[in-house]
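A quick write-up on the structure given underneath.
The values are calculated or read from the model by the stated rules, or taken from the named source; none is laboratory data. For clarity, every value in this text was computed on a predicted model and none was experimentally measured. All Cβ positions, glycine included, derive from the backbone under ideal geometry; neighbour counts span all protein chains shown. Quick note on the areas: whole protein, heavy atoms, side chains included, nothing else; ligands and nucleic acids left out. Shrake-Rupley method; radii C 1.70, N 1.55, O 1.52, S 1.80 Å.
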Amino acid sequence: MQYEPFVYPDAQLIAGVDEVGRGPLVGAVVTAAVILDPANPIEGLTDSKKLSEKKRLALFDEIKEKALSWSLGRCEPAEIDELNILQATMVAMQRAVAGLSVQPDFVLIDGNRVPQLPMPAQAVVKGDLRVAEISAASILAKVTRDQEMVELDARFPAYGFAQHKGYPTKAHFAALEEFGAIDEHRKSFKPVRERIAQNLK
């Protein structure tokens, strides 16, 4: 893949940041920050959604092994309900950058918004396709969150979390209708809020 040659004045260490899980009705929003090592390149990086699960898992291990630094950040459902999903995503991104063992000179964020950070940052629309560091971050975040949904599925098999990963699908709506919300559901999201309200009647 040909990555876009962004210009970063004087930046030696560039971190890419991406999030997974803004849309689901359950679980945390998970972010990752990655600083790649130019001396240790990783082949095949792209938007995590365009990769097979097998390829994502292989790259997940390779990124953690080869990156100069990587970190995960998150906001739990209760924080999402308190802050709203946009603000919770910004906080989770701040946590990911703060967790890096090496401080970057410059941060590239997937999307069109930049959280407040102690170093310069730039938003990049479709960054997970255009910037290798963001591609790597998208893979770490997606694999981490998907694994958490598989673990939640083992605890609550009736909801089908391993299949739909918490997103609002027909199967998820049906399970909500039949079994109600669990603690990990985002109570401020409309389908969950409405289901809880029905139970209170």
Legend entry - Checking Ala181 against (1) part of a loop (DSSP other than H, G, I, E, B); (2) over 30 Å from Glu62 (Cβ atoms); (3) under 21 Å from the mean Cα position of the chain (by Cα), the condition it does not meet: (3)
Inset, instruction - Among the candidates Ala15, Ala32, Ala11, Ala88, single out the residue that is within 20 Å of Gln116 (Cβ to Cβ) and in contact with a Cys (Cβ under 6 Å, 6 or more places away or on another chain). - result: Ala88
Inset, instruction - Return the only residue of Pro118, Pro157 being open to solvent by 70 Å² or more (accessible area, probe 1.4 Å) and within 27 Å of Ala11 (Cα to Cα). - result: Pro118
Legend entry - Flag if Ser52 is closer than 18 Å to Gln147 by Cα and either touching a His at 6+ places or on another chain (Cβ under 7 Å) or touching a residue at least 24 places away in the same chain (Cβ under 8 Å) (or both): no
Inset, instruction - Identify, by number, the condition in (1) farther than 28 Å from Arg193 by Cβ; (2) touching a residue at least 40 places away in the same chain (Cβ under 8 Å) that Asn84 doesn't meet. - result: (1)
Legend entry - Condition met for Val143 (closer than 23 Å to Leu51 by Cα and surrounded by fewer than 19 Cβ atoms within 10 Å (Cβ to Cβ)): no
Inset, instruction - Please work out if Phe179 is among the aromatic types (Phe, Trp, Tyr) and without any contact (Cβ under 8 Å) to a residue 24 or more places away in the chain. - result: yes
Legend entry - Only listed residue being open to solvent by 80 Å² or more (accessible area, probe 1.4 Å) and farther than 22 Å from Pro168 by Cβ, chosen from Ala39, Ala33: Ala39
Legend entry - Of residues in the range 169-178 being open to solvent by 60 Å² or more (accessible area, probe 1.4 Å) and within 16 Å of Asn199 (Cβ to Cβ), the one farthest from the chain's Cα centre (by Cα): Glu178
Legend entry - Flag if Asp47 is more than 16 Å from the chain's Cα centre (by Cα) and of a type outside the set (Gly, Ala, Ser): no
Inset, instruction - Can you tell me which residue among Ser101, Ser135 is of a type in the set (Ser, Thr, Tyr) and surrounded by fewer than 22 Cβ atoms within 10 Å (Cβ to Cβ)? - result: Ser101
Inset, instruction - Working only within the range 52-88, note down all residues that are in a loop (DSSP other than H, G, I, E, B) and either within 28 Å of Asp37 (Cα to Cα) or of a type in the set (Gly, Ala, Ser) (or both). - result: Ser52, Ala67, Leu68
